[in-house]
Amino acid sequence: MRRITDILNLREGEDDREKTLESVKKNISFKGANLWILACAIIVASVGLNVNSTAVIIGAMLISPLMGPIVGAGFALGIYDFTLLKKSLKNLLNATVVSLTVSTIYFAVSPFKEVQSELLARTAPNIYDILIAFFGGIVGAIAVTRTEKGNPIPGVAIATALMPPLCTAGYGLATGQWQFFLGAFYLYSINCVFIGIATFAIIKYLKYPPTKQVNERQQRQVRISITVLITAMLLPSAYLAYSLYTEQQFKKNSDLFIENEFTNKGYTVIYKKTSFTPRSKKIELAFLSKRFETSELQQLTAALNKNSYLKGTDLIIRQDSTDRFNALKGDILKQIKSNENELNEKDVRIMQLEKELAKNKFDNKGLLSEATAIFPQIISLSAANVQMINKQDSISNVTAVIYKTSQSLKKEDAERLNNWLAQRLQSKNIKTFEVEEKK
């Protein structure tokens, strides 16, 4: 038994108590270098939250001097030094105001205001955060009272995470999102209170002497204040922890339900959405081909209500009120018919254009053979129907014939050619143009 007591003995390696108290008093002050370090640490943490960088946030927590006044407040309660308590709380308030102001200004001017996962992680504290703060505070208080401070202090700064909640609260103020501000500031308050209470517990356990004798009434007031603080922090966080647990169980059981009732039966789920609030639970699904009848939906709802975590959940299956395959078939047939009509219209138009081209097209080769038999002087010939535009913007259709001769035709031969062409081409409006072959 004695060996176990020796193993658990905290007094071994303990630093001089006067020296420890002086160190605690020195670290509670927020002015000069400490204030500059705090402001810079807040900027670094805000940037880390803004760009969702865990490494940057951890760096900001390591350089933050916020632990000083919190440990000082817990230490002051343990030795009933109310002057030190007031000074610690005043400096903590100043540090909190400065941190909120700097982070709010940063997020107000930052062009990037999207909500990142690192920000969201600081908006819904629960009882697990209390455990982290309390046991982290115990480690910090033990480390403060040791001769060799060792590595615990940086680890406590990272685990208890005082900076990120303050920066998230500043983000909430800058963007007007009060749920972010309240959730993050509550997490910050949890960390401050339970680090302080853990420090108080260690100081009482080590039996640090009080700076002055206090009566039973004052001691009772301290105990009552601590009890009220613990209760005020525990109740909301316990409720939030229970809500988190029920939400996680709902999601887990929803996935199992979908897997057992649909996926394992070969139904392809193309859309899935689950939503959970204390007042409403929903599972929304859509399938590739399966359609559920009313009787099947009733069976699924009954299976859903047999699960205690899914009881009362609304099962919404997105499906058409008509047979989607028949509707799809009808749409395809309509499209085919529409395409056929378009093709028929195109065929008619092509035929019309071909007729128009046929009207304007002559067998110039055969025409030349006939013309040279009658008029040996003609060596080439071309005929075509053309439209002639007059000055009055009127249009007249003309059959134009251009021919080339080795020797110019006489007037009577030209008239005879014109009459022959009118008869041959069955055109009342013939215009001939002679081109004499150059020698």
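The values are calculated or read from the model by the stated rules, or taken from the named source; none is laboratory data. Predicted, not measured: the structure shown is a model, and the values here were computed from it. Neighbour counts are summed over all protein chains in view; Cβ atoms, including those assigned to glycine, are modelled from backbone coordinates with ideal geometry. For accessibility, only protein heavy atoms count, side chains too; no ligands or nucleic acids. Shrake-Rupley method; radii C 1.70, N 1.55, O 1.52, S 1.80 Å.
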Review point. Relative to a virtual label point 7 Å from the Cα of Val222 in the Cα→beta-carbon direction, which members of the range 69-91 show backbone nitrogen distances below 17 Å?
Key: 70-89
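What percentage of the solvent-accessible surface of the range 165-209, computed with a 1.4 Å probe over protein heavy atoms, is contributed by carbon and sulfur atoms?
On the range 165-209, the fraction of accessible area on carbon and sulfur atoms equals 70 percent.
Send over the per residue convex hull volume for the range 13-68, Cα only, as a whole number of Å³.
Enclosed volume per residue, from the Cα hull, is 77 Å³.
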Check your understanding: For the range 10-134, what is the convex hull volume of the alpha-carbon atoms per residue, in Å³?
Key -> 137
Check your understanding: Once the Cβ-Cβ distance between Leu182 and Asn307 is put in as r, and R0 is 41 Å, what FRET efficiency do you end up with, to the nearest 0.05?
Key -> 0.80
Study note, to complete from the structure: Between Leu10 and Gln299, the two model label points (7 Å from Cα along the beta-carbon direction) sit apart by a distance in nm of 6.3
**Study point:** In order through the range 122-139: 3J(HN,Hα) via Karplus (6.51 cos²θ - 1.76 cosθ + 1.60), integer Hz, x for Gly, Pro
**Key:** 9, 10, 9, x, 8, 5, 5, 5, 5, 4, 4, 5, 5, 6, x, x, 4, 4
Review point. Per residue, how much accessible area does the range 64-123 show when a 1.4 Å probe rolls over the protein heavy atoms, in square angstrom?
Key: 44
Practice item. Compute the signed sum of charges (Lys and Arg +1, Asp and Glu -1) over the other residues within less than 11 Å, Cβ to Cβ, of Thr246. Key: +2
Check your understanding: Rolling a 1.4 angstrom probe over the protein heavy atoms, how many square angstrom per residue are accessible across the range 158-239?
Key -> 47
**Study point:** the range 248-283 versus the range 360-391: alpha-carbon centroid distance in Å
**Key:** 84
Point to revise | Restraint check, Lys86/Lys204; Lys25/Lys113; Lys26/Lys113, Cα-Cα greater than 31 Å | key: Lys25/Lys113; Lys26/Lys113
Check your understanding: If you take the beta carbon distance between Asn264 and Thr54 as r and set R0 to 30 Å, what does 1/(1 + (r/R0)^6) give as a FRET efficiency, to the nearest 0.05?
Key -> 0.20
Check your understanding: Any idea how far apart Ala373 and Ser396 come out in nm if each label point goes 7 Å out from Cα toward Cβ?
Key -> 3.3
Review point. Amide H to amide H under 5 Å from Thr211: which residues, 5+ apart in sequence or cross-chain, H placed 1.01 Å off N in plane?
Key: Asp81
**Study point:** Sulfur and carbon atoms: percent of accessible area, the range 282-322 [1.4 Å]
**Key:** 45
Study note, to complete from the structure: Taking N as the residue count of the range 47-97, its alpha carbon Rg divided by 2.2 N^0.38 Å gives 1.48
Exercise for review: Compute the Rg/Rh shape ratio of the range 156-212: radius of gyration over Kirkwood radius, all on alpha-carbon atoms.
Suggested key: 1.21
